[in-house]
Every structure is written in C-alpha cells, then in structure tokens.
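Only one structure is covered here, and it is reproduced in the block below.
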Amino acid sequence: MTTSSADAPGGAAAGGLRLLAVTACPTGIAHTYMAAENLTRAAEALGHRIKVETQGAIGAENVLSDNDVNSADAVIIAADKDVDRGRFVGKPVLVVGVSEGIHRPEELIARALSAPVHGGEEVGGRARDRAGAGHDAARAGCARRAERGWCAGRWW
C-alpha cells in the first residue's frame, strides 16, 4: 500500500478529517495489511483522508512523514506489538489491537478525535501515554499466543 487519499490532491473529502494510522502485528503478514485496507476503505467511505503506515514482515511501508503528522487531526494505532508513539506528541492517539482495525474500523475512526492527546512521557525507553495504558492488557491476541509458542493452531 503505497498511496492513500491523504496523498492525492483533492482526495477523499476536502472537508473531512486528516487521519493517520499505523498497523502492525508480530508476524506482519496478513493482519497488518487487512487492518490497513479496512481502515482506508472506512475512512474514504466516511469522507475522511487517511494515510496508513504498515509495519509488516518486510519492514515499514508508506512511512508517515513529519508533514503528515503535523497536518493530522488524529492517529490510530492498530497493533499487537510496540509502536513508537514519540512522533505523535500533541495529537489524539487511539491505541487498539490490530483485530479492531480489521473488524471495527468505522468505530475506531469515530473514537479517534476523542482519544487522549499523547504527551510524550518516556517509560522504559519508549514513548508511552495514557492512550496506551489499556492496550497492554488488550494485547492478549496474537502477541501473547506467540510468546507462549502457540501460533496458527499448533504448538511449535
């Protein structure tokens, strides 16, 4: 995914929100890209512009620039692994598991503007904020199963 309506002149709705998203999962194969696609479709259907950075198995693609971040109204992080939030200081940041990006993209977009504003506190060398406090508990999906050695229905 290398283009988005946020990049295109006269993209999805000129008066809509300017959203950013980062999608990622530990394996970075399917869920990362499914969440990105669903968030893009939902945003465009709702008349918003969105740019989605994917952090998949081959690395980061469609990386968000400083200009993207400066002009964004809100940020959605749909990930089951750590995503550095330091670049989103001063923006509303909604942090959820990647499965929510796949199954509830419209709801995430609606919640994005009311998300806590990222303050940039450093904890353990990573930028953390109140938006991510509940995310650690929500990571019970793919990441926790991978840590236990359970993946794709088999013990490895």
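The label point for ALA60 and the one for SER114, both projected 7 Å from the Cα toward the Cβ, are 3.0 nm apart. Based on alpha carbons, the Rg and Dmax found for region 61-120 are 11.2, 29 Å.
Our estimate of slack between ASP73 and ILE29, defined as 0.36 nm per intervening residue step minus the Cα-Cα distance, is 13.0 nm.
Taken together, the values in this text are just the output of simple stated rules run on the coordinates, not laboratory data. Keep in mind that this is a model prediction, so the values were computed, not measured. Here Cβ is always computed from backbone atoms with ideal geometry, including for glycine, and neighbour counts include all displayed protein chains.
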